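Accompanying notes for the structure given below.
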Amino acid sequence: MNRYLTVYMVILTVIINSCSQNSNEQSISADKVIFNGSIYSMDDSNPKVEAVAIKADTFLYVGTYEGVKQYIGDQTETVDLDGKTMTPGLVEGHAHIMGVGYNLLNVDLREAKSYQEVVEMVADRASKAPEGTWITGRGWHQDKWTEKPEMTNGFPTHDLLSEAVPNHPVYLKHASGHAALANAKAMEIAAISEGTPQPDGGEIFKSVSGSPTGIFNETAQGLITKVIPDATKESDEQALRLALEQCFKYGITGFHQAGSGPDHINLFKEFAERGDLKLRLYVMLNGRDEELLDEYFKNGIEEDLYDNQLTVRSVKLYADGALGSRGAWLLEEYTDAPGVHGHNVMPMDEIEAITKDAYKAGFQVCVHAIGDRANREVLDIYERTFQLYPESAPKEPRFRIEHAQHFHPDDIPRFAEMGVIPSMQAIHMASDRPWAIDRLGQQRIEWGAYMWQTLLQSGARIVNGTDAPVEPITPLASLYASVSRRTLEGSPDGGYEPSEKMTRDQALKSYTLDAAYAAFREDRKGSIEVGKWADLTIFDKNIMTIPEDDILDTKVMMTIIGGEIVYEAE
């Protein structure tokens, strides 16, 4: 009797398991299956795959085409890549999302080839606006002009602009965002005169006679911006929508927002709550807003809000300015400006105090540092913080230095040793290197500027990006610069300091897995693996194998975030 009972139980178990398996197979039919292309996963154990299956917002299966077939059900959407290339969704590692949108609303001066062209563009906008209306723009860079006007201290003066546009106040940010040009009307409204004192951490440029030239460097910009009317809620919403469209068009699925105040954070939350954000936004708090920092340090980080669209868990601070405006803080004087060492923008004791408070509250610290003096000072602060408060230490603080363009050679190994992440925008090398040698000289360029491969070989992780709107938001230009070390016009042959080039794999990793790591989310994004969010970018060409020059001609064909197609090229 027992023998028959045992056989019966075995048969019953087989039947139950078979029914259960059939039921499971039916219940895990994928929402979307993508196949028939070059798929680079950024997963070292399975670097190139044939197909993926997506269920809801995550990868259900990653592997072969034969293997994915079991997940195709009656309701499964199939996407045939038809030979295109797919990678993990690209992550913009450092940019300013509202600036991206406002650059489209205001006068975009990035393509201007001369000061005269800048003035003509501003005059055209002024002709369509009532007198007294503020005209704002951004993107001019005197070192990129093919025709150079007469300059003072290496910058244009306001005279030509004021003559062409006398009745509209004009404020034009430099491409770097660390200097600006104002016309006479704007300076009149701001009550700027020969006697206006110089602010801490900045400079009002003046002529030999002592009159303001119209250039406001670093913190001096605040003397003008404080009299410009605040943006409206409607214009903020319009700017954010435009910026999101740009991100999706260029294959961006995640975005490290480099500094936001409460108004913009609330706007992001409103968009996310409605499901309109979609972009995975990683926000750094504006470190100049003491009340905002107090609130967040008290209440703690906000992570993966609104269906994983929004995270607030880091702080943005500023140690120095930009190299183009000679605001980057250097150990030795500028080669083309004897006696000038740049600016320390925020007092270092203030940066250190905020860093320690953030560390104890579990927040990541991200400090803007471009010059070698600024980078050393910030690394010193990080080192002291880690040593002083070991009992308060997060498991991995993952502190960052934003831009990290120029170092003393002795400081390069310190990044890997302390686990500090250099957030470096490769496109800056392509744009700045032709004139950066004038600022730093040959030796400092070769020993310590744009040291990508040296950092990677030391064990550091690099986060890439564009710093948009300083540069256009497209990641492909930065990827091209990463692997070529050339300008976007293709010079010089072989690239600047070619030993510092990234490999294709390193460059893609800096835009995917390492960018996810820098936002504490390598467990959920940055590679194509089962259980991770289904964020994907699809290209019309294979960016991992095509000739370097073809990278700039590559187009994004589709952008997918959490399994949802947010952009598809016509």
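Key figures
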| read-out | value |
| --- | --- |
| Spin-label pair ASP143/ASP380, simplified geometry with 7 Å Cα→Cβ offset, distance in nm | 2.6 |
| Value of Rg to Rh for the chain (Rh from inverse mean 1/r over Cα pairs, i.e. Kirkwood) | 1.03 |
| By average C-beta atoms within 10 angstrom, highest first, the peptides 85-93, 156-164, 543-551 | 85-93, 156-164, 543-551 |
| Vicinal HN-Hα couplings computed from phi for the range 538-552 (Karplus, 6.51 cos²θ - 1.76 cosθ + 1.60; Hz; Gly/Pro x) | 10, 10, 7, 10, 8, 5, 8, 10, 5, x, 3, 4, 7, 4, 5 |
| C-alpha long axis of helix 426-448 to longest principal axis of the chain, angle in ° | 60 |
| Total formal charge among the other residues, if their Cβ is under 13 angstrom from that of ASP505, Lys/Arg +1 and Asp/Glu -1 | +1 |
| The range 463-475 - phi-based ³J(HN,Hα) in whole Hz, Karplus 6.51/-1.76/1.60, Gly and Pro as x | 9, 9, x, 10, 6, 3, x, 4, 10, x, 6, 5, x |
| The chain: antiparallel DSSP beta bridges as a percent of all, rounded to 5 | 50 |
| Separation of the THR225 and GLU245 label points, Cα + 7 Å toward Cβ, nm | 2.6 |
| Under 5 Å, built H, 5+ apart or other chain: amide partners of TRP329 | GLY321, HIS343, ILE370, GLY371, ALA374 |
| Per residue convex hull volume, Cα atoms of the range 281-354, in Å³ | 108 |
| Extension gain (nm, one decimal) between VAL530 and GLU120, 0.36 nm per residue minus Cα-Cα | 142.2 nm |
| Stretchable slack from GLN198 to GLN70, in nm (0.36 nm times residue separation minus alpha-carbon distance) | 39.1 nm |
| TRP447 accessible area, assembled protein chains, probe 1.4 Å, Å² | 140 |
| Sulfur and carbon atoms: percent of accessible area, the chain [1.4 Å] | 48 |
| Cα gyration tensor category, rounded, prolate or oblate, for the range 529-570 with a/c compared to 1.5 | oblate |
| For the range 280-365, share of DSSP beta bridges that run antiparallel, in % to the nearest 5 | 35 |
| Note, ³J(HN,Hα) from phi for the range 478-485, Karplus 6.51, -1.76, 1.60, rounded to Hz, x at Gly and Pro | 6, 5, 4, 4, 4, 9, 10, 6 |
| Cα gyration tensor shape for the range 449-561, rounded if a/c is under 1.5, else prolate or oblate | oblate |
| Span from the the range 31-107 Cα centroid across to the the range 528-543 one, whole angstrom | 3 |
| Residues ASN46 and GLU548, FRET efficiency given R0 of 22 Å [Cβ-Cβ distance, rounded to 0.05] | 0.25 |
| The range 375-470: trypsin sites (Lys or Arg not before Pro) in DSSP coil with no more than 11 other Cβ atoms inside 10 Å | LYS395 |
| Crossing angle, helix 348-361 versus the chain [Cα axis fit, 0-90 degrees, rounded to tens] | 20 |
| Over the chain: helical MRE at 222 nm, DSSP H runs n ≥ 4 each giving -39500 (n - 2.57), nearest 500 | -10500 deg cm²/dmol |
| Efficiency of FRET between GLU270 and TRP134 - r from beta-carbon atoms, R0 22 angstrom, step 0.05 | 0.25 |
| The range 115-253 pair-distance distribution - Cα-Cα, 5 Å bins, rounded % | 2, 9, 18, 21, 19, 14, 9, 5, 2, 1, 0 |
| Inter-probe distance in nm under a simple model that places probes 7 Å from Cα toward Cβ, at LYS113 and ASP263 | 3.8 |
| Chain lengthening between SER127 and GLU350 when straightened (0.36 nm per residue, less Cα-Cα) | 75.8 nm |
| Span from the the range 310-379 Cα centroid across to the the range 411-427 one, whole angstrom | 14 |
| C-alpha long axis of helix 233-249 to longest principal axis of the chain, angle in ° | 60 |
| FRET efficiency, 1/(1 + (r/R0)^6) with R0 22 Å, evaluated for ARG288 and LYS233 via beta carbons | 0.50 |
| With DNA, RNA and ligands ignored, accessible area of LYS316 (1.4 Å probe; Å², nearest 10) | 10 |
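The values are calculated or read from the model by the stated rules, or taken from the named source; none is laboratory data. Note that the structure is a prediction, hence the values are computed from the model and not measured. A quick note on method: Cβ atoms are made from the backbone with ideal geometry, for glycine too, and the neighbour counts reach across all protein chains shown. The area values use the complete protein model at the heavy-atom level, side chains included, leaving out ligands, DNA and RNA. Shrake-Rupley method; radii C 1.70, N 1.55, O 1.52, S 1.80 Å.
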